[in-house]
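The values are calculated or read from the model by the stated rules, or taken from the named source; none is laboratory data. The shown structure was predicted, so the numbers you read here are calculated from the model rather than taken from an experiment. Methodologically, a virtual Cβ is constructed for each residue, glycine included, from the backbone with ideal geometry; neighbour enumeration extends over all protein chains shown.
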């Protein structure tokens, strides 16, 4: 048992040097307040996020906590390898590793009340961009090389409670603390060494909050339906060099269903709408940044698995379509993900290891991006 | 379990080596705020300017600059050697000197006007009373034909000099002159307690100069050798005694007076100028300085040895305690910063890169924002620069500044 857990921990924590909690995940992360994160488990990722709103291992719907039984601790590591092209530039073989999601949940003794504390990435503002230019200084053209680097993002810490009215109906509510910072670094070097290189570092802090409510119902033995709504506050952005800024964060509405027509087969679908465009009013007029509302649609197919007593390894397949909220022009970016995954339960069902491999295609807004994303999850039920 | 281990190793290898740096497609896919380079010339940012003279006296200088007469800044070198002894040691016993055979004067030439071919260095006999109080007029009578001991032609490059009066008496190593003087060179040697003193001047149809090593320098001072005979048990024995200078200096003709709206740097004795810089907070606190040049406009042509250059350097100070403020060492840098080397006679604006001086001031607001100007080497050159100060009506000191205002990524949020 111990050896297995050690090996799995190695898988989770040892993938790459992972010197940062977050790293650049997308070329679109440069825009706005960053690339939105996904507060879902590895199982949900393998199923195209389709079960997130009905998954007690995800942090989309607090009502799913009512489905929790034993104390559960789980964490997710995600490694990506991607390439992109934007305008005249392109880059490939960009690799990074992140820890985007973790959750602790469980029932409070024998009461119908369950709790959940989770960490997830709300948005990620990690990037490392190099640019070259020529500027005229003292009447002479001087080549410059800039490196603009940002590490970090906004974390979403959810404190939630779920209430189970029985096996058919659960409700829940959560408080979200949005907190985080980005460490930003600028370096400029000049081709003429008489000009001293510029280097500047600084931290930008973010703070906000949110509330979420949700329900889950299982009207039929073969059908589960869930829905959640979330309201986020204005996000305050504190930069030591500027007056405080505020950005309105969106409403989010999610719904999904899981259908099990036969014992070893589960179909799932979900949809989520987020009103990101409410932030458009906080965008300075001189910038061309456009903010769009987003739709995210997911569908998944899960075959077998120990949960349904059909084999040791479930097969999970997923399809996900999502719009991205920020664009440098009027063309809204979107992404399509095809995913597959599985998992294994061991140690008398006290631990499980799951993985998903996702092929992501993003385009729009003048850029295209392709990525392989490998997510690994370890869940312990002590 | 083996497949799981293999998967762990494979996945670790797959994830190894984070690589996140990517080119940016600006402006669409770059952080929205842009870097701005500001290049400006700031007037009136220097306050509390002052200058003081007397830091290095010519007798304490590391070299002696001898400039031909007829120029704006003529000078002569004077050297008094420590006395010889009337007795020398032979076989452990003191034996009186019975006869003077000759003297030999060795001089070290450090620099000279290179464009001339008839530069003549003249050696005169001076009274041994010459000292630091001696002025130009005091010693002028001794620079006469009656006291001329020797002369030597200084070539423009590596030495192959000839003595215009006696070719056989001159031998020269690289940049070293050896001049043999007859026994009669110092007729009052015994009356002068066996002390000797010489004066050195330059004679040429045009303006020129020679820099000679001094006893405070590291390149070798002059010395005087005395070739004598002494009676050792009835046999005349040859012996040589040598003496280094007990005093050496160079004496300058009167220098022009300096106006009230002028800052003097260099000269004899050396002068230092102090500038105190007062830059706005938006630059000192909220920008990255990438280059800063101090612009100084000469109020008069650069003075000094004809054909020479004068190195003027700017230093930060540890503490601003007025004229006694000590200069810090120039920061090491692969780029020549902190000094300029204008030619003598130039009236062009002197531009000195002070970037590496301003950066520490910017990083630490408690550092004194005072800069000290002095010539290098200090005190051993007639080189003097007279700059217009901020009290001047025109052409005041200025700062040519290139800086990048602090960058922020958050301006165009969301």
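The set of residues in segment A:347-372 that are within 12 Å of another protein chain (Cβ to nearest Cβ) and not in a strand (DSSP E or B) comprises A:365, A:366. Here residue A:139 clears all of (1) more than 28 Å from residue B:36 (Cβ to Cβ); (2) within 12 Å of chain B (Cβ to nearest Cβ); (3) free of Cβ contacts under 8 Å to residues at least 12 places away in the same chain except the condition numbered (1). Being within 14 Å of chain B (Cβ to nearest Cβ), touching a residue at least 24 places away in the same chain (Cβ under 8 Å) and not in a strand (DSSP E or B) is the requirement here; does residue A:375 meet it? So residue A:375 does not fit the description; no. Determine if segment B:280-293 includes at least one residue that is within 14 Å of another protein chain (Cβ to nearest Cβ) and under 26 Å from residue B:308 (Cα atoms). Yes, that holds for at least one residue.
Looking at the structure I just gave you, is residue B:301 out of contact with any strand residue (DSSP E or B) (no Cβ under 6 Å at 6 or more places or on another chain), touching a residue at least 12 places away in the same chain (Cβ under 8 Å) and either farther than 21 Å from residue B:52 by Cα or not in a strand (DSSP E or B) (or both)? Yes; evaluated as a whole, the condition is true for this residue.
Meeting the requirement of 3 or more residues that are modelled with pLDDT under 90 and under 29 Å from the mean Cα position of the chain (by Cα), the strands (runs of 3 or more DSSP E) wholly within segment B:49-145 are B:93-112. In segment A:336-346 there is no residue matching the filter, namely being outside any strand (DSSP E or B), in contact with a strand residue (DSSP E or B) (Cβ under 7 Å, 6 or more places away or on another chain) and surrounded by 15 or more Cβ atoms within 10 Å (Cβ to Cβ). The residues in segment A:316-330 that are surrounded by fewer than 19 Cβ atoms within 10 Å (Cβ to Cβ) and modelled with pLDDT of 95 or more can be counted, and the count is 3. Of the residues making up segment B:112-126, those that are in contact with a strand residue (DSSP E or B) (Cβ under 8 Å, 6 or more places away or on another chain) and either crowded, with 17+ Cβ neighbours inside 10 Å or without any contact (Cβ under 8 Å) to a residue 12 or more places away in the chain (or both) are B:112, B:113, B:119, B:120, B:121, B:122, B:123, B:124, B:125, B:126. Would you check which residues across segment A:210-220 are in contact (Cβ under 8 Å) with a residue 12 or more places away in the chain and surrounded by fewer than 16 Cβ atoms within 10 Å (Cβ to Cβ) and list them? Across segment A:210-220, the qualifying residues are A:211, A:219.
Residues are listed down the side, and each one gets a yes or a no for (1) free of Cβ contacts under 8 Å to residues at least 12 places away in the same chain; (2) more than 8 Å from chain B (Cβ to nearest Cβ):
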| residue | (1), (2) |
| --- | --- |
| A:84 | no, no |
| A:93 | no, no |
| A:99 | no, yes |
| A:104 | no, yes |
| A:111 | yes, yes |
| A:127 | no, no |
| A:145 | no, yes |
| A:154 | no, yes |
| A:173 | no, yes |
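Among the residues of segment A:317-336, those that are within 14 Å of chain B (Cβ to nearest Cβ) and farther than 18 Å from residue A:273 by Cβ comprise A:328, A:329, A:330, A:331. Here residue B:229 fulfils each of the conditions (1) crowded, with 19+ Cβ neighbours inside 10 Å; (2) modelled with pLDDT of 90 or more apart from (1). Among the residues of segment A:176-196, are any under 30 Å from residue A:112 (Cβ atoms), in contact with a strand residue (DSSP E or B) (Cβ under 8 Å, 6 or more places away or on another chain) and in contact (Cβ under 8 Å) with a residue 60 or more places away in the chain? Yes.
Scanning segment A:181-193 for residues that are facing chain B (nearest Cβ under 7 Å) and surrounded by fewer than 17 Cβ atoms within 10 Å (Cβ to Cβ) returns a single hit, A:193. In a residue-by-residue description of segment B:41-48, the property of being within 14 Å of another protein chain (Cβ to nearest Cβ), exposed (fewer than 15 other Cβ atoms within 10 Å of the Cβ) and at pLDDT below 80 applies to no position.
When residues in segment A:57-82 are screened for being surrounded by fewer than 24 Cβ atoms within 10 Å (Cβ to Cβ) and away from every other protein chain (no Cβ under 12 Å), 9 of them pass. Within the set A:164, A:199, A:150, the sole residue that is surrounded by fewer than 17 Cβ atoms within 10 Å (Cβ to Cβ) and either over 30 Å from residue A:109 (Cβ atoms) or more than 11 Å from chain B (Cβ to nearest Cβ) (or both) turns out to be A:199. Of all residues in segment A:282-315, those satisfying the criterion of being within 16 Å of residue A:248 (Cβ to Cβ) and at pLDDT 90 or above are A:290, A:291, A:292, A:293, A:294.
Listed by position, the strands (runs of 3 or more DSSP E) contained in segment B:169-264 that have at least 2 residues being farther than 19 Å from residue B:305 by Cβ are B:170-173, B:176-181, B:196-203, B:223-232, B:235-243, B:245-252.
For residue A:228, indicate whether it is modelled with pLDDT of 90 or more, assigned to a strand (DSSP E or B) and surrounded by fewer than 21 Cβ atoms within 10 Å (Cβ to Cβ). It is false that residue A:228 is modelled with pLDDT of 90 or more, assigned to a strand (DSSP E or B) and surrounded by fewer than 21 Cβ atoms within 10 Å (Cβ to Cβ).
Of all the listed residues (A:246, A:302, A:285), the sole one being in contact (Cβ under 8 Å) with a residue 40 or more places away in the chain and either assigned to a strand (DSSP E or B) or over 22 Å from the mean Cα position of the chain (by Cα) (or both) is A:302. For segment A:259-268, does any single residue satisfy the condition of being at pLDDT below 95, more than 14 Å from chain B (Cβ to nearest Cβ), over 30 Å from residue A:235 (Cα atoms) and outside any strand (DSSP E or B)? The answer is yes; a qualifying residue exists.
So in segment A:113-124, with the set limited to residues that are farther than 30 Å from residue B:24 by Cα and touching a helix residue (DSSP H, G or I) at 6+ places or on another chain (Cβ under 8 Å), which one is nearest to the other protein chains (Cβ to nearest Cβ)? Only one residue tops the list, namely A:116.
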